[in-house]
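Here the structure comes first, spelled out in structure tokens, and everything after it is commentary.
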């Protein structure tokens, strides 16, 4: 497992529990050193995630939400449809990332939680000032999506699959 994938999995574990997760549990689960766990937590914090260290382990601060990473592919014109689909079903698009063959993981925080955010993103991209991140990987990209429950994430996954946007990992 690559370090970026491991950090996403750590984030998912922290987001799916109300109890602190000790570093030793994470260490054993991923078969890595405790120091690597500490570094992963520092990177997650640097990326804007509010991970708190307690004497019983790590917790994700704030409203407990579940997260899931979806691998997607679609055209630029379908960008709004994808974002609105996720939001209309109760999800929040936290970020986008791609795995570039030369540069590795390239990511950007999105925080899309309403239709206006999606439309603003689209307008800024269509203006031509910048290209969408997915354009460097022929449309393939990943989103970390958060929601209030696994059921909501399951519905989002079903809808993305039905639209043909979901790529099975």
Requested in this report: Provide 98, 38 in ascending order of the number of other Cβ atoms located within 10 Å of each residue's Cβ, fewest first.
Outcome: 38, 98
Report summary line: Under a Gaussian network model of the chain whose springs join Cα atoms within less than 10 Å, the largest fluctuation of 138, 111, 81 belongs to 138
Query raised in the report: For 11, 79, what's the fewest-to-most ordering of other Cβ within 10 Å of each Cβ?
Result: 79, 11
Query raised in the report: Using a Gaussian network for the chain with springs between C-alpha atoms less than 10 Å apart, which of these wobbles most: 70, 97, 30?
Result: 30
Query raised in the report: Taking neighbour counts of Cβ atoms within 10 Å as a proxy for exposure, in what order, fewest first, do 143, 113, 74 appear?
Result: 113, 74, 143
Query raised in the report: Using only helices, what value at 222 nm comes out for the chain when you add -39,500 (n - 2.57) per DSSP H run of length 4 or more and divide by the total residues, to the nearest 500 deg cm²/dmol?
Result: -13000 deg cm²/dmol
Report task. Subtracting the Cα-Cα distance from 0.36 nm times the residue separation, let me have the gained length for residue 123 to residue 52 in nm, one decimal. Result -> 22.0 nm
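Each value in this text was obtained by applying a stated rule to the coordinates, not by laboratory testing. These numbers were taken from a predicted model, which means no experiment stands behind them. All Cβ positions, even for glycine, are placed from backbone atoms using ideal geometry, and neighbour counts span all protein chains on display.
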